[in-house]
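First the structure, in the form of structure tokens, and then the observations on it.
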Amino acid sequence: MSKLTELEYLGLPPAKKKLYDIGQFFVRLPGNILNFLKKIPLGIWKGLCAVGRFFAGIGHIFADGDWKTRISFFVMGFGQFFRYQIGRGVIFLGMEALFIWFMVMFGGGYLAGMGDLGEQATIKTLNDYGLEVVQYKDNSLKILLYGVLTIFIILGFICTWVMNVKQNYTAQKLIEKGIRPRSFKNDVKSLADEQYYKTLLAVPLLGITVFTIIPIFFMILIAFTNYDYSHLPPDKLFDWVGLDNFRTMLATDASGNDKFAYTFREILIWTMIWALVATFSNYFLGMFVAICINRKGIRFKKFFRTILVMTIAVPQFVSLLLVSKMFSDEGIVNNILLNLGWITEKIGFWTTQDMARIMVLVVNLWVGIPYLMLIATGVLMNIPADLYESAKIDGASGIKQFTKITLPYMLFVTGPYLLTSFTANINNFNVIYLLTGGAPKTMAYEGGAGGTDLLITWLYSLTITNNNYKIAAVIGILVFIVVAVISLIVYNVSPAMKNEEDFQ
């Protein structure tokens, strides 16, 4: 694809501009990847330089600090006790004591065990009376989990230690200038005043770390172990296996088995088809419904909106299970069709792969269109009416008005929603699981996967049904990579991220 000049680009129709932008993104992609790879050594060097500057700064503090500051390197809070900051000193000293106790009594052992994830599994024997006696030994899962937790606690302690050293040095310099350091009481008051943002951010950051970052890190490590149904703690141990699980998922393994790789490819293709069709069918049909309801001369607009919104009012859990039963082999739909004589045998809505996939896409329309209708209604009401009036005077048809006015405004305003909706559909667990449970099952797929399974529902099946946690962790990582790449592409070509001046 030849590169256009700026004037040639500006002269393109909007649709061709989008195609050109997408094409140029892929044309530039190999060069961008190469540039990124070239920047890796530079990034590593800059990182090492930053680490060097950090240690140089700490060394300078130790060399330039007085005896109180130097002792604070080893006894946290020591300097604060002599610099009118007793409350702060007590907190630092208490945190150091708590950290030492934690590492000696708990964390150190688990951290040391992360090398082999345990040496001896739980032993079960029978005593003289024929009763089972359990001797609990190493538990690989606990070693890995608490080892990860210990790593994050160590990182937190290092940050606290650095804060202690720098605050001691700052207090030393203030006293040398004849300025009294701020007291603990003033520190507490500042958390409700000029440093109130720290108070507000503390709990969310802690929650993100505990409930998001640590579990993600733990999941990533699971992908490099052989944790599955054959290695379930505490009866058995699991160990590190390097990249074997990724080879199993993405290529033929040493035994010539590529069933997992085949299953992953097939489900990935269906997941992408599902996400595209589910997203854009809901988007354009929801927009079409909103345009129809908002047309001049349409009566009972509130009634039609209320009918559509009622599908949102009913919980998805209830409505999807109801639809699943309605279209089952013994459901009301098959019985009605048989009684009317329209069919001679029951239709397997959920028992054949192609029919089941069509059905989940159709049912998803019923679930998703009302949301898009409400969003599109809000956007349509805010498009300047004089634009349509000018277009009518110029002789523009309804289709022309839609493509030149309505659609560009909709894409600009709802572009971020479109991206999040697409990524959400990649991980749309509810619709697939509640309607089909991944069925129909097929022997061609590995890991209990079915014809309508998405990557997320297959992951669930691998963990809950098959206890294949290692492969499930690999799928989680690959899903993240797919979503990240797609989000990057859409972000670069979305009109909501550029050409903002066209919609001012």
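The values are calculated or read from the model by the stated rules, or taken from the named source; none is laboratory data. Treat the numbers as computed from the prediction; the structure is a model and nothing was measured. Every residue, glycine among them, receives a Cβ derived from its backbone with ideal geometry; neighbour counts consider all protein chains shown.
Please state which one of Gly11, Gly23, Gly31 is surrounded by fewer than 10 Cβ atoms within 10 Å (Cβ to Cβ), farther than 30 Å from Glu176 by Cα and either out of contact with any Gly (no Cβ under 9 Å at 6 or more places or on another chain) or assigned by TED's automatic domain parsing to the domain that holds Ser487 (or both).
Gly31
What do you reckon, is Val318 free of Cβ contacts under 8 Å to residues at least 60 places away in the same chain and not in a loop (DSSP other than H, G, I, E, B)?
Values: free of Cβ contacts under 8 Å to residues at least 60 places away in the same chain: yes; not in a loop (DSSP other than H, G, I, E, B): yes.
When the stated conditions are applied, Val318 passes them.
Filter region 86-121 down to residues that are in contact with a Phe, Trp or Tyr (Cβ under 6 Å, 6 or more places away or on another chain) and farther than 30 Å from Val241 by Cα and give me whichever is surrounded by the fewest Cβ atoms within 10 Å (Cβ to Cβ).
Gly87
Only one of Asp138, Asp128, Asp116 is out of contact with any strand residue (DSSP E or B) (no Cβ under 9 Å at 6 or more places or on another chain), at pLDDT 90 or above and not in a helix (DSSP H, G or I). Can you tell me which? Show your work before the answer.
On the way: Asp128 fails: at pLDDT 90 or above; Asp116 fails: out of contact with any strand residue (DSSP E or B) (no Cβ under 9 Å at 6 or more places or on another chain).
Result: Asp138 is the single residue among Asp138, Asp128, Asp116 that is out of contact with any strand residue (DSSP E or B) (no Cβ under 9 Å at 6 or more places or on another chain), at pLDDT 90 or above and not in a helix (DSSP H, G or I).
I need a count of the residues in region 362-397 that are among the small types (Gly, Ala, Ser) and under 29 Å from Ile312 (Cβ atoms).
Of the residues in region 362-397, 4 are among the small types (Gly, Ala, Ser) and under 29 Å from Ile312 (Cβ atoms).
I'm trying to understand the selection: among the residues of region 221-255, which are among the β-branched types (Val, Ile, Thr), under 25 Å from the mean Cα position of the chain (by Cα) and at pLDDT 90 or above?
Scanning region 221-255 gives Ile222, Thr225.
Only one of (1) at pLDDT below 90; (2) under 31 Å from the mean Cα position of the chain (by Cα); (3) more than 30 Å from Val474 (Cα to Cα) is not met by Lys189, so which one is it?
Lys189 satisfies all of (1) at pLDDT below 90; (2) under 31 Å from the mean Cα position of the chain (by Cα); (3) more than 30 Å from Val474 (Cα to Cα) except (2).
Take Phe284 and tell me if it is more than 28 Å from Gly447 (Cα to Cα), without any contact (Cβ under 8 Å) to a residue 24 or more places away in the chain and touching a helix residue (DSSP H, G or I) at 6+ places or on another chain (Cβ under 9 Å).
yes
Would you pick out the residues in region 348-399 that are over 17 Å from Ser281 (Cα atoms) and of a type in the set (Phe, Trp, Tyr)?
Those that are over 17 Å from Ser281 (Cα atoms) and of a type in the set (Phe, Trp, Tyr): Phe349, Trp350, Tyr388.
Name every residue in region 256-276 that is over 24 Å from the mean Cα position of the chain (by Cα) and polar (S, T, N, Q), in order of residue number.
Asn257, the sole residue that qualifies.
Restricting attention to region 56-99, which residues are small (Gly, Ala, Ser) and at negative phi?
Ala56, Gly57, Gly59, Ala63, Gly65, Ser72, Gly79, Gly87, Gly89, Gly94, Ala97
Please state which one of Ala439, Ala356 is within 30 Å of Tyr262 (Cα to Cα), part of a loop (DSSP other than H, G, I, E, B) and in the same structural domain as Ser328 (by TED's automatic domain parsing).
One residue alone meets the criteria, Ala439.
When you scan region 238-252, do you find a residue that is outside the structural domain of Arg83 (by TED's automatic domain parsing), in contact with a helix residue (DSSP H, G or I) (Cβ under 9 Å, 6 or more places away or on another chain), hydroxyl-bearing (Ser, Thr, Tyr) and under 30 Å from Thr465 (Cβ atoms), even just one?
yes
Can Thr344 be described as more than 23 Å from Ile426 (Cβ to Cβ), touching a residue at least 24 places away in the same chain (Cβ under 8 Å) and either not in a helix (DSSP H, G or I) or not basic (Lys, Arg) (or both)?
no
Do we find that Leu144 is assigned to a helix (DSSP H, G or I), touching a strand residue (DSSP E or B) at 6+ places or on another chain (Cβ under 9 Å) and touching a residue at least 60 places away in the same chain (Cβ under 8 Å) in this structure? Steps first, answer last, please.
On the way: assigned to a helix (DSSP H, G or I): yes; touching a strand residue (DSSP E or B) at 6+ places or on another chain (Cβ under 9 Å): yes; touching a residue at least 60 places away in the same chain (Cβ under 8 Å): yes.
Against the criterion (assigned to a helix (DSSP H, G or I), touching a strand residue (DSSP E or B) at 6+ places or on another chain (Cβ under 9 Å) and touching a residue at least 60 places away in the same chain (Cβ under 8 Å)), Leu144 qualifies.
With the checklist (1) assigned to a helix (DSSP H, G or I); (2) touching a Phe, Trp or Tyr at 6+ places or on another chain (Cβ under 9 Å) in hand, flag the one item Ser328 doesn't pass.
Failing condition for Ser328: (1).
Just a yes or no: is a residue in region 242-257 in a helix (DSSP H, G or I), without any contact (Cβ under 8 Å) to a residue 60 or more places away in the chain, surrounded by fewer than 16 Cβ atoms within 10 Å (Cβ to Cβ) and β-branched (Val, Ile, Thr)?
Taking every residue of region 242-257 in turn, none turns out to be in a helix (DSSP H, G or I), without any contact (Cβ under 8 Å) to a residue 60 or more places away in the chain, surrounded by fewer than 16 Cβ atoms within 10 Å (Cβ to Cβ) and β-branched (Val, Ile, Thr).
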